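Since every read-out is calculated from the coordinates, none of them should be taken as a lab result. All values derive from a computational prediction rather than experimental measurement. So basically every Cβ, Gly included, is an ideal-geometry build from the backbone, and we count neighbours across all protein chains shown.
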Amino acid sequence: MTAGGSNRLLTPEEVAAWLKVSEVTVKNKYRTWGLKAQKVGRLLRFRERDIVAYLEDNYG
């Protein structure tokens with residue numbers, strides 16, 4: 001694991017569980033929150049390190 005999280009790709013459902021919000025909220029707000037999303041085919045994925053960085057920058 002690298003500093004600040006790994007390159008593991010998370011589903012919107014996993015991100016929602018981590019942030020304790022709904023999956024729909026993640027899909028609708030990730031741009032507003034400044035999260036970088038990766039498209040894998042038609043699927044939306046988030047790098048774990050980007051979520052960790054977002055949480056550190058905004059909450060801690």
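Scanning the stretch 24-39 for residues that are over 17 Å from S6 (Cα atoms), free of Cβ contacts under 8 Å to residues at least 12 places away in the same chain and not polar (S, T, N, Q) yields V24, K29, R31, K39.
The helices (runs of 4 or more DSSP H) located wholly in the chain that include 1 or more residues which are surrounded by 14 or more Cβ atoms within 10 Å (Cβ to Cβ), out of contact with any strand residue (DSSP E or B) (no Cβ under 7 Å at 6 or more places or on another chain) and hydroxyl-bearing (S, T, Y) occupy 23-33, 48-59.
Conditions (1) on the phi < 0 side of the Ramachandran plot; (2) aromatic (F, W, Y); (3) in contact (Cβ under 8 Å) with a residue 24 or more places away in the chain, marked per residue:
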| residue | (1), (2), (3) |
| --- | --- |
| T11 | yes, no, yes |
| S22 | yes, no, no |
| G41 | no, no, no |
| Y54 | yes, yes, no |
| Y59 | yes, yes, no |
